[in-house]
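Working notes, beginning with the structure itself.
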Amino acid sequence: MQILSVASECAPLVKTGGLADVAGALPAALTPHGATTRTILPGYPAVKSALNAPETVMEWPDLFGGTARLLAGDAAGLDLLVIDAPHLYDRGAGIYLAEDGKDWPDNPERFAALSRAACDIANGCVSGYQPDIVHCHDWQAGLAPYYIARSSAAGRVKTVLTIHNIAFQGLTGAERLGSLGIDLQDFTADGVEYYGRVSALKAGLQFADKLTTVSPTYAEELMTPDFGMGLDGLLRARRADLVGILNGIDETAWNPETDQLIHTYKAPRGKSANKRALQEEFGLSEADGPLCVVISRLTDQKGLDLLLEALPTLLERGGQLALLGSGEPGLEEAFKRAAHDPNVGVRIGYDEALSHRLIAGGDAILVPSRFEPCGLTQLYGLKYGALPVVALTGGLADTVIPATPATMARTLATGLQFFPVSAGALSNALDKLCDLFSQPKRWSKMQRNAMAHPVGWDVSAAAYATLYKGLSKEAS
Ligand code: ADP
């Protein structure tokens, strides 16, 4: 089975969030299941410069406003097709955001080009290569199922769309219909229209053969008005085609026994050496309570304003906080102010190596998200014995076994969950965390449970492979 994965980011080459981790790790995990993956990516400078032995396999005289070519090559163990289109992707600043922190104004066209290229490949434009399945990730690849459905590959090449976060819908004005190559007759509520605008994500949700999201609980949540962000009705209608498949983590990159980015780790004893090093790095002294860590985008979704409110509970109990993140200026400022407390350390920025040191040295990882499709940092926490304290939502609900008398008695508990997602409930969870931390036997039992919890790709890659196989049987 030949899979073409269509993604706007892919670890370790270019990453802003969990989507990149999935796009980067899934191809290798699928190989043992008989699925061979090629990944098509926009040719951002970082991607082009990483590409080994690039070869031009296709050319476009005009791809959304300029000439472009498709390069085939490999990088970081991935078999890549890269769209070399300088007018779209040769830019500084971010892959989605310009220097002013706003979306690049031509983002609809930049990612429509990714989808168009995927459609052309589905239609056999790369000599000697024919994908059976085109697997599209998020709104940036949302138009691919639409373009394919309106092309001669319709029915022959099957499409899957994975929702990594329904909050990002790729909205643009109806005046761009023509430039995006969308037929006016498809601009309806049953097509690509979202309340008077065009939604690339909705196009994918309407036209892909199968839909997936990144956890079973998020799949259920998406079908409710509270979480579906206006697309819950569509998803209820497509319930039979929607499945939640949990993300795994890349256990070659995230493995406490072999991690080159941390000091030493012989689990679980190595925790104390890493903790000490982390405290020093953040200017924190030794303390009686747990060292809690956070690695996150600082946005409303992540619920970190609740943590600011609940923080006094942790600090009063002798706990500490070390946070790495960046995002909304108001939250960045608030955490910088919180860092005036000697038991709080804050780093604003994006730092892959530091994120490993935080997970390795933290006693607990906090994820108080208001919604969380899957979440990855709690999975890293499980693997490295940094017990997750998470909101009861989405993938957080599916991956953490909360400490209750019953789960403790059966040596199952791996962390703490709180609900509702409020500062009060988080405060109570932090209080409970401190109680558990003060009981070393219970604590190390939970750490062992956490570290034994499977967080890799085995089960989920098998689920994707089963989905692909079912689809290829249906192909006409
Ligand atoms: P989301 O995709 O919503 O941002 P996830 O938890 O699914 O959230 O994935 C976030 C990924 O990005 C994780 O791999 C996390 O470690 C990483 N990450 C987030 N913020 C930072 C940061 N400031 N520095 C380093 N890595 C970060």
Only one of (1) without any contact (Cβ under 8 Å) to a residue 60 or more places away in the chain; (2) open to solvent by less than 10 Å² (accessible area, probe 1.4 Å) fails for Pro342. Which number is that? (2)
Please enumerate the residues belonging to segment 339-353 that are more than 7 Å from the ligand (Cβ to nearest atom) and either of a type outside the set (Gly, Ala, Ser) or closer than 21 Å to Glu309 by Cβ (or both). Ala339, His340, Asp341, Pro342, Asn343, Val344, Gly345, Val346, Arg347, Ile348
Among the residues in segment 234-242, are any under 20 Å from the mean Cα position of the chain (by Cα), open to solvent by less than 40 Å² (accessible area, probe 1.4 Å) and in contact (Cβ under 8 Å) with a residue 60 or more places away in the chain? no
Filtered residues of segment 204-224 (kept if farther than 18 Å from Ser460 by Cα and within 16 Å of the ligand (Cβ to nearest atom)): Glu221, Leu222
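Only one of Thr217, Thr213, Thr188, Thr224 is under 24 Å from Tyr96 (Cβ atoms) and at pLDDT 95 or above; which?
Values: Thr217 fails: under 24 Å from Tyr96 (Cβ atoms); Thr188 fails: under 24 Å from Tyr96 (Cβ atoms); Thr224 fails: under 24 Å from Tyr96 (Cβ atoms).
None of the other options fit; the residue is Thr213.
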From the options Ala334, Ala310, Ala277, residue that is within 22 Å of Gly385 (Cβ to Cβ) and either small (Gly, Ala, Ser) or not assigned by TED's automatic domain parsing to the domain that holds Thr399 (or both): Ala277
If we keep only residues of segment 160-175 that are more than 21 Å from Leu246 (Cα to Cα) and not polar (S, T, N, Q), then the residue farthest from the ligand (Cβ to nearest atom) is Glu175
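Within segment 286-303, identify whether any single residue is of a type in the set (Val, Ile, Thr), open to solvent by 10 Å² or more (accessible area, probe 1.4 Å) and assigned by TED's automatic domain parsing to the domain that holds Glu352, and answer yes or no.
yes
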Only residues that are touching a residue at least 40 places away in the same chain (Cβ under 8 Å) and assigned to a loop (DSSP other than H, G, I, E, B): list them for segment 16-52, please. Thr16, Gly17, Gly34, Ala35, Gly43, Tyr44
Quickly run through segment 397-427 and pick out the residues that are in contact (Cβ under 8 Å) with a residue 60 or more places away in the chain and buried (at least 22 other Cβ atoms within 10 Å of the Cβ). Thr399, Leu426
Scan (1) among the aliphatic types (A, V, I, L, M); (2) within 16 Å of the ligand (Cβ to nearest atom); (3) open to solvent by 40 Å² or more (accessible area, probe 1.4 Å) for the single condition Leu201 breaks and write down its number. (3)
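Being away from the ligand (no atom under 11 Å from the Cβ) and surrounded by fewer than 24 Cβ atoms within 10 Å (Cβ to Cβ) is the filter here, so list the residues in segment 364-380 that pass it.
Arg370
Report those helices (runs of 4 or more DSSP H) wholly inside segment 152-240 carrying at least 2 residues which are closer than 30 Å to Ala391 by Cα and in the same structural domain as Ala113 (by TED's automatic domain parsing).
Here the list reads 200-207, 216-222, 225-228, 232-237.
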For segment 127-171, what are the residues that are touching a strand residue (DSSP E or B) at 6+ places or on another chain (Cβ under 8 Å), more than 25 Å from Ala219 (Cα to Cα) and surrounded by fewer than 19 Cβ atoms within 10 Å (Cβ to Cβ)? Ser127, Tyr129, Gln130
What is the one condition in (1) on the phi < 0 side of the Ramachandran plot; (2) open to solvent by less than 10 Å² (accessible area, probe 1.4 Å) that Gly385 does not satisfy? (1)
Subset of segment 316-331, residues in a helix (DSSP H, G or I) and open to solvent by 40 Å² or more (accessible area, probe 1.4 Å), comes to Glu316, Pro329, Gly330
Among the numbered conditions (1) assigned to a strand (DSSP E or B); (2) open to solvent by 40 Å² or more (accessible area, probe 1.4 Å); (3) under 21 Å from Ala450 (Cβ atoms), tell me where Arg357 comes up short. (1)
A careful count of residues in segment 4-29 that are away from the ligand (no atom under 16 Å from the Cβ) and in contact with a strand residue (DSSP E or B) (Cβ under 6 Å, 6 or more places away or on another chain) gives 4
Does any residue of segment 428-439 turn out to be open to solvent by 40 Å² or more (accessible area, probe 1.4 Å), assigned to a loop (DSSP other than H, G, I, E, B) and not aromatic (Phe, Trp, Tyr)? yes
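The values are calculated or read from the model by the stated rules, or taken from the named source; none is laboratory data. These numbers were taken from a predicted model, which means no experiment stands behind them. Backbone-built Cβ (ideal geometry, glycine too); neighbour counts: all protein chains shown. Note: areas computed on protein heavy atoms with side chains; ligands, DNA, RNA excluded. Shrake-Rupley method; radii C 1.70, N 1.55, O 1.52, S 1.80 Å.
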